[in-house]
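Each remark here refers to the structure printed beneath this line.
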Amino acid sequence: MMDEKSGRTESDFLARMGGAGDRRKFLKWSGAAVAVAAVGAACDDDDGPTGGDGDGEPVVTLPLQNDTDILKFALFLELLEEDFYVKAVQSGVLSGEVADLTTNVRDHESAHVDAIQAALGAQAFTQDDVEFDFGNTLASQASFLATAQVLEQTGVSAYLGAIGLIQSRSLRRTAGSIFTIEARHTAAFRAFNNAPGGPVPNAFESPMTPEQVVAAVVSTGFVVEGL
């Protein structure tokens, strides 16, 4: 989504915070259109593309063909968020109500991971199959809060975009339930950031396609292994 005052997108912000040019990225997808979008997002800095040495297997491929693919996509995003909050709690830079909120959000994301892994069964993957590097986003409470807000908003838009693709009614209910929690996380972080428009600035939410979400995530430089 676009910040009306700055004109910058969420992926622009994350790319600046994550230092996309400082770390290698493994960019592995199916589909030429997605590859173009991902590489374009990853090459906004001056260093050019840095991924593609093939050391690991991707846990998500696009386009998403069925409910299993969608669940794997959601699991990857939840693992990213879980790892971010685990490392934030361990960082020692958070205090007071922010630390309390972050601990709570970490536990929520872990519960989301557990639920999606259970739904995937033998096809589930874990934190051992992915690797993230959040760079200087955990250097201070302020940088953490700014990044958390954008990550959560991206999650909200991702779930909203994916719900309509899910065929299973029970899985749609589960995704909808997670979506509402992610939205509450976003509102809480917006409140701590004194974001323009307050905790809930809009009457309607904007969805993102899986391709848009992948491009945004890749542009952060957070993903070392898994895509």
Self-check item: Residue list for region 134-147, restricted to those being buried (at least 18 other Cβ atoms within 10 Å of the Cβ) and of a type in the set (A, V, I, L, M, F, W, C)
Solution: PHE134, LEU138, PHE144, LEU145, ALA146
Exercise. Please identify the pairs in which a residue from region 104-115 that is farther than 19 Å from ASP128 by Cβ has its Cβ atom under 7 Å from the Cβ atom of a residue that is at pLDDT 95 or above, counting only partners at least 6 apart or on another chain.
Key: VAL105/TYR85; VAL105/HIS185; HIS108/ILE181
Quiz item: Within region 178-198, is there a residue that is buried (at least 18 other Cβ atoms within 10 Å of the Cβ), over 22 Å from ASP100 (Cα atoms) and not small (Gly, Ala, Ser)?
Solution: no
Quiz item: Is it the case that some residue within region 161-172 is buried (at least 17 other Cβ atoms within 10 Å of the Cβ), in contact (Cβ under 8 Å) with a residue 24 or more places away in the chain and in contact with a Phe, Trp or Tyr (Cβ under 6 Å, 6 or more places away or on another chain)?
Solution: no
Quiz item: So ALA124 clears everything in (1) more than 23 Å from VAL218 (Cβ to Cβ); (2) in contact (Cβ under 8 Å) with a residue 24 or more places away in the chain except one condition, right? Which one?
Solution: (1)
Self-check item: Matching residues, region 34-60, being surrounded by 18 or more Cβ atoms within 10 Å (Cβ to Cβ) and modelled with pLDDT under 80
Solution: VAL34, ALA37, ALA38, VAL39, ALA41, ALA42, THR50, GLY51
Practice problem: Could you run through region 108-133 and say how many residues are surrounded by 14 or more Cβ atoms within 10 Å (Cβ to Cβ) and either in a strand (DSSP E or B) or not hydroxyl-bearing (Ser, Thr, Tyr) (or both)? | Solution: 18
Exercise. Hey, can you tell me all the residues within region 128-159 that are within 24 Å of THR209 (Cα to Cα) and polar (S, T, N, Q)?
Key: THR147, GLN149, GLN153, THR154, SER157
Self-check item: Residues located in region 132-154, provided they are charged (D, E, K, R) and over 20 Å from ILE70 (Cα atoms)
Solution: ASP133
Practice problem: Please find, within region 61-79, the residue that is surrounded by the most Cβ atoms within 10 Å (Cβ to Cβ) out of those that are among the aliphatic types (A, V, I, L, M), within 18 Å of SER168 (Cβ to Cβ) and touching a residue at least 60 places away in the same chain (Cβ under 8 Å). | Solution: ALA74
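The values are calculated or read from the model by the stated rules, or taken from the named source; none is laboratory data. Everything numeric here is computed off the predicted structure, so don't read it as measured data. Reconstructed Cβ throughout: ideal geometry from the backbone, glycine too, with neighbour counts over all protein chains shown.
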